[in-house]
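First the structure, in the form of structure tokens, and then the observations on it.
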Amino acid sequence: MQQGLREKVFPGAVLLVGKGEPPLFFKAYGKANLFSGLPMTRETVFDLASLTKPLATTLAVARLADQGRIGLDQPVAGWLPELAGSDKATITVRQLLCHQSGFPAHRLFYMTLKSLAPRERKSAVLDLLKHAPLAYQPGETTLYSDLGFMLLCRLVEAVAGCPMNHFLKVEIYDPVGLNDLFFVDLTSNQRPHRPYAATELCPVRNRLLVGEVHDDNAWFAGGIDGHAGLFGTAEAVFQLLRFLIADFRGRVSTSIFSRQILSEVFHGVEKNPLPLGFDRPSVQNSSAGRYFSANTVGHLGFTGVSFWMDLEKDFSIILLTNRVHPFRWNSRLGQFRPNIHDRIMEHFEI
């Protein structure tokens with residue numbers, strides 16, 4: 001990790017290694033903010049970027065499915081009638097979660113949203129999604145997409161009848177005791193005051209981003225979305241992962257998810273064996289390194305954050321960095337991450 005600082009892989013980082021509780025290793029390195037000199041600590045809050053997909057949106061959908069309020073293999077248009085008659089009408093919830101919906105990877109929706117009044121932006125996203133050209137027919141192939149998870153956020157809010165962050169807080173985060181996993185609602189005057197890791201000197205907003213979502217589409221939608229917007233500490237991520245695996249194995253006093261839904265989240269189903277919202281290590285040159293088993297799920301985030309959880313070995317590595325601080329062009333983390341993972345696994349003989 002000190003080598004990562006010296007080679008400017010990141011200004012700062014928090015590394016947590018877990019096998020059961022307490023963590024095997026938990027340490028902070030470097031600076032959370034190069035301009036203020038704020039040191040990185042174990043309490044530093046990170047913009048978790050695309051970790052929002054598995055740790056927020058997917059879990060919200062899973063909770064609604066467990067409650068019988070949605071069906072994973074039903075068309076999302078059944079709950080979002082605005083999509084009826086469009087080429088999105090047949091897309092199922094599972095296809096969105098598995099990145100098989102036909103949506104392209106990304107679109108610069110913020111270029112349209114920035115011309116609208118703030119109160120109009122979030123509702124405008126659904127119309128933008130409705131009219132976004134598909135890259136392929138739903139179910140035809142797999143293409144990682146932010147847009148699919150933006151649509152899932154609208155689904156959650158339509159079914160739950162409240163903002164997705166409120167649903168997550170009441171149904172999942174508060175019951176698990178996760179005070180340090182939250183969204184920063186940019187439409188609210190009361191934002192959490194925490195020691196945030198700075199991200200980018202943003203060319204769109206013309207300022208250093210601290211405690212506001214880095215992703216521009218999410219920012220112009222108010223800070224709460226399905227593809228980005230979640231903030232949290234390494235320990236909060238670890239606690240959530242520990243809860244999920246314990247709940248899956250029936251080892252919690254108060255269960256939130258059924259074993260069936262968590263089995264689908266982690267392993268998919270026979271006809272579609274892809275995890276829901278989570279990623280798996282690639283067969284070759286995986287960012288997880290060489291030692292995680294095939295029964296592993298995790299995810300990466302653009303801001304320099306990641307987690308991998310080995311369900312077979314009951315082992316996880318959470319690496320949160322501010323690699324986009326002060327500029328996003330720093331790509332050294334891609335090579336560094338699998339190397340540090342391998343060193344960790346070798347050290348602990350996992």
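The values are calculated or read from the model by the stated rules, or taken from the named source; none is laboratory data. Not measured: the values here are computed from a predicted model. Heads up, the Cβs are rebuilt from the backbone with ideal geometry, glycines too, and the neighbour counts pull from every protein chain shown.
A few notes on this one:
- Checked against the criterion of being surrounded by 18 or more Cβ atoms within 10 Å (Cβ to Cβ) and touching a residue at least 60 places away in the same chain (Cβ under 8 Å), the candidates THR303, THR296 yield just one match: THR303.
- Scanning the stretch 250-289 for residues that are modelled with pLDDT of 95 or more and among the basic types (Lys, Arg) yields ARG259, ARG280.
- Checking each residue in the stretch 12-68 for being buried (at least 19 other Cβ atoms within 10 Å of the Cβ) and in a loop (DSSP other than H, G, I, E, B) picks out PRO23, ALA32, ASN33, MET40, THR44, LEU48.
- Being assigned by TED's automatic domain parsing to the domain that holds ALA246 and exposed (fewer than 14 other Cβ atoms within 10 Å of the Cβ) is a condition met by no residue of the stretch 130-141.
- Members of the stretch 120-136 that are free of Cβ contacts under 8 Å to residues at least 40 places away in the same chain and of a type in the set (Asp, Glu): GLU120
- First in the stretch 53-81 and without any contact (Cβ under 8 Å) to a residue 60 or more places away in the chain, second anywhere and surrounded by 19 or more Cβ atoms within 10 Å (Cβ to Cβ) and assigned to a helix (DSSP H, G or I), Cβ under 6 Å, 6 or more apart: ASP73/ARG94; ALA77/LEU83
- Scan of the stretch 22-51 for residues that are closer than 18 Å to LEU209 by Cα, touching a strand residue (DSSP E or B) at 6+ places or on another chain (Cβ under 7 Å) and polar (S, T, N, Q), ordered by number: THR44, SER50
- Qualifying residue in the stretch 169-182 (condition: free of Cβ contacts under 8 Å to residues at least 60 places away in the same chain, part of a loop (DSSP other than H, G, I, E, B), farther than 22 Å from CYS98 by Cα and in the same structural domain as LYS271 (by TED's automatic domain parsing)): yes
- Residue check for ALA221: among the small types (Gly, Ala, Ser) and closer than 30 Å to PHE315 by Cα: no
- Of note, ALA236 satisfies the criterion of being crowded, with 16+ Cβ neighbours inside 10 Å and closer than 30 Å to LYS27 by Cβ.
- Single unsatisfied condition, ASP314 versus (1) of a type outside the set (S, T, N, Q); (2) in contact with a helix residue (DSSP H, G or I) (Cβ under 8 Å, 6 or more places away or on another chain); (3) closer than 19 Å to SER50 by Cα: (3)
- Scanning the stretch 268-288 for residues that are out of contact with any strand residue (DSSP E or B) (no Cβ under 8 Å at 6 or more places or on another chain), over 16 Å from LEU96 (Cα atoms) and not acidic (Asp, Glu) turns up SER282, VAL283, GLN284, ASN285, SER286.
Yes or no, residue by residue, for (1) within 19 Å of LEU244 (Cβ to Cβ); (2) assigned by TED's automatic domain parsing to the domain that holds PHE10; (3) out of contact with any Lys or Arg (no Cβ under 6 Å at 6 or more places or on another chain); (4) surrounded by 23 or more Cβ atoms within 10 Å (Cβ to Cβ):
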| site | (1), (2), (3), (4) |
| --- | --- |
| PHE307 | yes, yes, yes, yes |
| PHE315 | yes, yes, no, no |
| ILE318 | yes, yes, yes, yes |
| VAL324 | no, yes, yes, yes |
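- Residue tally, condition without any contact (Cβ under 8 Å) to a residue 12 or more places away in the chain and in a helix (DSSP H, G or I), over the stretch 152-168: 2
- Filtered by the rule that a residue be outside any helix (DSSP H, G or I) and aliphatic (A, V, I, L, M), the stretch 1-11 gives MET1, VAL9.
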